Structure formats: C-alpha cells, structure tokens
Amino acid sequence: MLIDLDRCTRCDDCVRACAATHDNNPRFIRQGPEASGVMVASACMHCVDPVCMIGCPTGAIYRESADGQVGINPDTCIGCSVCAQSCPYGTIQMVALHDEEGLPIVTEETGAPVRRATKCDLCIDQPGGPACVSACPHDALLRADMRQMDTLTAWLHR
Amino acid sequence: MTSFFTRRLVLSLVTAAVAGGLVAAWLLGRVALRPVAMYTGWLLLVLLLGLTFFNARKKLPFIPLFSASTWLQVHIYAGWLACFVFLLHTGGRVPSGAVEIMLAAAFGLVAASGAFGLWLSRWLPPRLTRSGESLVYERIPMLRHRLVTEAEDIVRAAEAETQSTTLGDFHVRVLAGYFAHQPAWLAPLAGGDAEHHRVKLELEALRRFLSVREIQIADQLADLVEAKRNLDHQFAGQRLLKLWLFAHIPLTFALLVFTAAHVWLILQYSHR
C-alpha cells in the first residue's frame, strides 16, 4: 500500500473505510517508512512466500487461488498469535472478539477475551475492491505489486 | 493512468460547456417570457442536494457506488456550476429581504468555505510532507507529552552530572514553555517558524557558556526542539485540514434549511 503524501490530507477516510468494512477493526494504520513523499503504509504485503501461512498450526491462513491474496479464515483461527509474531512487517494484529451487543467474548475457563488474528485481505469479498482505495477522495492511495514498475512510475508522475 | 492536468482540463471544459448551455437556455427562456428564475431555482436545488450526497457516500464506504475520488471531482465541478446557476437564478441582483439575505449569505459562505477547503487540501499536504515525518493526529498529544518529559529528564540528568544549573535555568526560562506550547489555529497559513528559530538561536547562543559535556547535552535538546517543530507543523496542519469541514458541513445544513424555507415561501405565493 502506497500513499502519496503530497495528495494525502491525513483525513483517515481510508482507515475508517477499512474499519467499516471489517467489523470496526481497521486492518492497517496510516504509518510506515517514507521516501520521496511516498509512504509505504503498514499493511499486509501478501508475500510470495508468507511466513505466517507456513507457521499457522490450523491452516487458517490461506492464499486465494485467483489473485494470490493471503487471507485468514476466522472460523479456523484459534488466536494463537504465531502468525502475528512471525510476520516480518508486523502487519498482523490480534483483536478481541465482541458479541452483537458490543461486549467482549471471553473464554469460560479463564475469562480471558477471545482473540483472532486479522490483517489486510485486500477486501477479497468486496465487489468494489479494497475499501481504502475506493474511500480516498484525493487519489492518494495505491495498492500495487511493487515489481510492476510501469504502474508505479505512471502513478508517481500523474 | 489519466494525469491530474488532463482530468482537470477535461472536467473544466465540460463544466464550462454546461454553463454555456445554461446561459443560452436562460437567454432563450427570457426572450420567450418563460419563468427562468423558477427553472434555475429547481436546478439549483437539485445541484445542492446532489452536492450534499457526497457526505453521505463517505459514510457508506462498503457500497460500490463509484469511488470517493470520483464523487469528489463531481462535487468540486458541480459546486462551481452551482455558483454559476446561483448567479443566473438571482440575475446578479443584490438580495434585499431578510430571508433572501440569509439565504444568499449561507450560499456564499458554503461556496467560500468549499473553495477554501479545496485550496487547502492541495496546498497544505506537500508542506506537511516536507516538514518531516508524517504523524497520526490522534497520537500527537502523546508525542508532545513524551517530548516534554524527555527534555526534563535530560536536563535533570545534566544537572546531576555536571553540577551546573545553566541548562536547567535555560530549560525553565525557554524550553519548558516552548515544549508545552500549542501552535495557533491558523499557524499553517501564517507560515514561518519564528518561535522555533528564536529557541534555536537562544540555544545556539547559550553554547559559549557551556562545558564540552553540556554542549553534547545541548545538542540532544536541539534534536528535541527540531522534533517539536515537526510536531507543531503536523498538528497545526492536520487540525486545519479537519477544521474547515466543521465550517463547511454545518453551513451546508443551514443552507438546506434556508433553501427549504425559500422553496416553501415561493410555492405558497406563486400559486396565489
């Protein structure tokens, strides 16, 4: 995820759109390394060889066969946080689950909150593509393959 | 990928063409003794409601109803067109009645705040980028508090280590106030870093009275002063980028209320 800081008004509409699309849990933050007016925001890189997927004990982390996005199946994630600890970019967050009334779901034995791993899935299930990109009113955001230099160059020199 | 210049050019030409068409229709309507004020009034109402929907679209990001960027472009150029239709509607006449004055003032303020916001959202972000590291607005008070604490800790440790109060006195006299100080509301528009430069110059002037070890500590304080400069820039800039909407959106709702009253009054009297 690249953010053109010369266009970005820091309104955080992208983060809000991400939260609205994912049960009020934004899956990235508008922070990250910056160079030449471009920020590489802290969001899942959808690695070619994902460490998180290899280490997941239940196989909850999978790769979409069509476009190659890496996703997490919430039904099989046991919240062990192995993926969050192994992600080299620190982009997997462990979040507490809440019921329909907004109360935290806790385990019966210990009373500890039930947690699941979440990360950017490039809005696989959204018909309009990544919500963050659609929500940016200033064309400041790009989701792109960093190896596609033509796309990046064209975007940088708009 | 369409360049910003091409997009701006195309949309400006389209808006100008629509405005030209409206002028032609307005002139023909006047010649044909048609109620052109009524027509332009309804058109203006449609444009105002359409412009208001941009805010609603932002609240529903999961609906694939064009991107927010497309909506903003439509909002900007439909806004310019609405200003033009407003002039056609009033015929350039200065409002005289109380309701007319309030309506015209509300429209003028909404248009002016929108134009200001557009200019600000293009002018300020590159300046924030050049200022230094980008910061999340909500984290800035915490970062400011951290700077204040860090400066105090450095000075206390320096006093204990060097048995000198020179840096401590300077901290009490200059630095404590500087680190706790919040930038003015319109500071990004005024530009300049007068306060920052004054503190840096005073710190520079102090060096001649410091020992070698104290100069090393003064360098650490200078780094904190520089961090505070970026913090102030980011805070004041981002605050202004958020604040103008607090004028634009409430004024828009006031305009809609006045417009509803205006339409109701017109319909009441036009049928008598």
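Working only within region B:62-80, note down all residues that are within 16 Å of B:GLY108 (Cβ to Cβ) and either more than 14 Å from chain A (Cβ to nearest Cβ) or touching a Phe, Trp or Tyr at 6+ places or on another chain (Cβ under 7 Å) (or both). Let's see the steps before the verdict.
We begin by selecting, within region B:62-80, every residue within 16 Å of B:GLY108 (Cβ to Cβ); these are B:79-80.
B:TRP80, the sole residue that qualifies.
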Among the residues of region A:2-21, the number that are open to solvent by less than 20 Å² (accessible area, probe 1.4 Å) and more than 8 Å from chain B (Cβ to nearest Cβ) is 5
Residues of region A:29-75 being in contact with a strand residue (DSSP E or B) (Cβ under 6 Å, 6 or more places away or on another chain), within 14 Å of another protein chain (Cβ to nearest Cβ) and assigned to a loop (DSSP other than H, G, I, E, B), which ones?
A:GLN31, A:GLY32, A:PRO33, A:ALA41
Check whether at least one residue in region B:166-182 is touching a residue at least 40 places away in the same chain (Cβ under 8 Å), of a type in the set (Val, Ile, Thr) and either open to solvent by 30 Å² or more (accessible area, probe 1.4 Å) or over 21 Å from B:VAL212 (Cα atoms) (or both), and report yes or no.
yes
Among the numbered criteria (1) touching a residue at least 60 places away in the same chain (Cβ under 8 Å); (2) over 30 Å from B:HIS171 (Cα atoms), which single criterion is violated by B:GLN238?
(2)
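Scan region B:224-240 residue by residue and report those that are basic (Lys, Arg) and open to solvent by less than 20 Å² (accessible area, probe 1.4 Å).
So the first thing to find is which residues in region B:224-240 are basic (Lys, Arg), and the list is B:228-229, B:239.
Those that are basic (Lys, Arg) and open to solvent by less than 20 Å² (accessible area, probe 1.4 Å): B:LYS228, B:ARG239.
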Checked B:LEU251, B:LEU243, B:LEU221, B:LEU256 against criteria (in contact (Cβ under 8 Å) with a residue 40 or more places away in the chain and open to solvent by less than 20 Å² (accessible area, probe 1.4 Å)); the one match is B:LEU221
Would a scan of region A:117-130 turn up a residue that is crowded, with 21+ Cβ neighbours inside 10 Å and at the interface with chain B (Cβ under 10 Å from one of its Cβ atoms)?
yes
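Yes or no, residue by residue, for (1) more than 18 Å from B:LEU51 (Cβ to Cβ); (2) open to solvent by less than 30 Å² (accessible area, probe 1.4 Å); (3) among the polar types (S, T, N, Q); (4) in the same structural domain as B:VAL74 (by TED's automatic domain parsing):
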{"position": "B:LEU88", "(1), (2), (3), (4)": "no, yes, no, yes"}
{"position": "B:GLU100", "(1), (2), (3), (4)": "yes, no, no, yes"}
{"position": "B:LEU103", "(1), (2), (3), (4)": "no, yes, no, yes"}
{"position": "B:LEU109", "(1), (2), (3), (4)": "no, no, no, yes"}
{"position": "B:SER113", "(1), (2), (3), (4)": "no, yes, yes, yes"}
{"position": "B:GLY117", "(1), (2), (3), (4)": "no, yes, no, yes"}
{"position": "B:SER121", "(1), (2), (3), (4)": "no, yes, yes, yes"}
{"position": "B:PRO126", "(1), (2), (3), (4)": "yes, yes, no, yes"}
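Just to verify a result, which residue in region B:147-165, among those that are surrounded by 15 or more Cβ atoms within 10 Å (Cβ to Cβ) and charged (D, E, K, R), is farthest from A:ARG16 (Cα to Cα)? Break it down stepwise before answering.
Going through region B:147-165, the residues surrounded by 15 or more Cβ atoms within 10 Å (Cβ to Cβ) turn out to be B:147-148, B:150-152, B:154-155, B:158-159, B:162, B:164.
Narrowing the set further to residues that are charged (D, E, K, R) leaves B:150, B:152, B:159.
Values: B:GLU150: 32, B:GLU152: 37, B:GLU159: 47 Å.
Once the filter is applied, the top-ranked residue is B:GLU159.
The values are calculated or read from the model by the stated rules, or taken from the named source; none is laboratory data. All figures in this text were calculated on a predicted structure; none of them were measured in a lab. Backbone-built Cβ (ideal geometry, glycine too); neighbour counts: all protein chains shown. Note: areas computed on protein heavy atoms with side chains; ligands, DNA, RNA excluded. Shrake-Rupley method; radii C 1.70, N 1.55, O 1.52, S 1.80 Å.
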